[in-house]
Amino acid sequence: MEEKLCLVTGVGEGTGAAIVRRFAADGYKVAMLARDQERLRAYEAEHPQTVAYPCDLEDLEDLDNTIERVQVELGSPTVIVHNAVRATFARLLDSNPMELERNFRVNTTSLLYLTKAFIPPMLDRGYGSIIATGNTAAFRGVPNYAFFAPTKAAQRIFLESLARDFGPKGIHVAYLNIDAVIDVPWTRDRFAPDKPDEFFITPHSIADEVFHIAHQPRDAWSFNVELRPYAEKW
C-alpha cells in the first residue's frame with residue numbers, strides 16, 4: 001500500500017503544528033514547510049513521522065527547490081494543507097505597496113506553485129485533497145486590510161477554480177474559513193487578554209476539522225467550510 005503523505009505549510013506553534021500532529025497520529029508521513037528551521041527540527045525529533053523542510057515561501061526559487069526535494073525524498077503528497085500566511089495590517093496610505101506583493105506570494109502564488117507541481121500525480125492516482133486555512137479577510141475588505149484581504153480573496157477564488165476543474169477528476173479542494181481568534185499565547189496577549197477560554201478556537205479543533213475535510217466521502221464534499229466559537233459574532 002502506498003504510504004500516506006501530507007504536506008503542510010506554515011508549521012508554527014499553533015495551527016500548523018496541530019495539523020502536523022493530527023495527520024502524523026493517523027499514520028501519515030508529513031512534510032513540514034516553514035521558515036523556522038529550529039522549530040521544524042524540534043517537531044521532527046518529537047514525531048518520527050515528520051520531515052522538516054525549512055523554506056521561505058516568499059522566495060519562489062526556494063519553494064521550487066523545496067518542492068523538488070519533497071518529490072525526490074518522499075514522493076508526492078496525497079494531501080496538501082496550505083496554512084502559511086503573511087499579513088500586513090495597514091491602511092492604503094500607511095504602508096509600502098510592495099507589502100501587497102509580498103503577502104500575495106506567501107498566501108496565493110506559493111499555493112499555485114504547490115498545486116501545479118502536485119496535482120498531476122494526484123490525477124494519476126485518481127484522488128487527493130487540497131485545503132487552505134483562511135479567514136474572513138477572504139470575504140470582506142476593511143480599511144486596515146487593504147494589503148492583506150485581496151491576497152486571501154484571491155487565494156479562495158483560486159481554490160474555487162481548482163475545485164471546479166479537478167473535483168470531477170477526483171481531487172477534493174476546500175477552503176476553511178476560521179472566523180475566530182486562535183488560542184496561542186501571543187494572540188491572547190494581543191487581542192483578548194481578559195477573555196474566557198471559550199472565546200478562542202483551539203489549534204486542535206482546527207486540525208480535527210482539516211483532517212475531516214481531507215477524508216470526506218466523495219458523495220459529501222465541502223468547499224467553503226466555516227469554523228467559529230459558539231459566541232463569535234458574524
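The values are calculated or read from the model by the stated rules, or taken from the named source; none is laboratory data. Quick caveat, the model's predicted, so the values are computed rather than measured. Please note: Cβ atoms are built from the backbone with ideal geometry, for glycine as well, and neighbour counts cover all protein chains shown.
Return a yes/no flag: does the stretch 173-181 have any residue that is part of a helix (DSSP H, G or I), modelled with pLDDT of 95 or more and closer than 21 Å to Arg228 by Cα. No. For the stretch 153-200, filtered to residues that are in contact (Cβ under 8 Å) with a residue 60 or more places away in the chain and among the acidic types (Asp, Glu), the residue that is nearest to Ala132 (Cα to Cα) is Glu160. The set of residues from the stretch 20-51 being in contact with a Pro (Cβ under 8 Å, 6 or more places away or on another chain) and either within 17 Å of Ser129 (Cα to Cα) or charged (D, E, K, R) (or both) comprises Ala31, Arg35, Asp36.
Considering the stretch 127-152, the residues that are among the small types (Gly, Ala, Ser) and touching a strand residue (DSSP E or B) at 6+ places or on another chain (Cβ under 9 Å) include one that is nearest to Ala90 (Cα to Cα), namely Ala146.
Gly12 passes every criterion in (1) within 15 Å of the chain's Cα centre (by Cα); (2) modelled with pLDDT of 95 or more apart from (2).
Within the stretch 31-54, can you find the residues that are touching a residue at least 24 places away in the same chain (Cβ under 8 Å) and either among the charged types (D, E, K, R) or within 28 Å of Ala146 (Cα to Cα) (or both)? Give the derivation first.
Of all residues in the stretch 31-54, those touching a residue at least 24 places away in the same chain (Cβ under 8 Å) come to 31-34, 36, 39-40, 43, 47, 49-50.
Residues satisfying the conditions are Leu33, Ala34, Asp36, Arg39.
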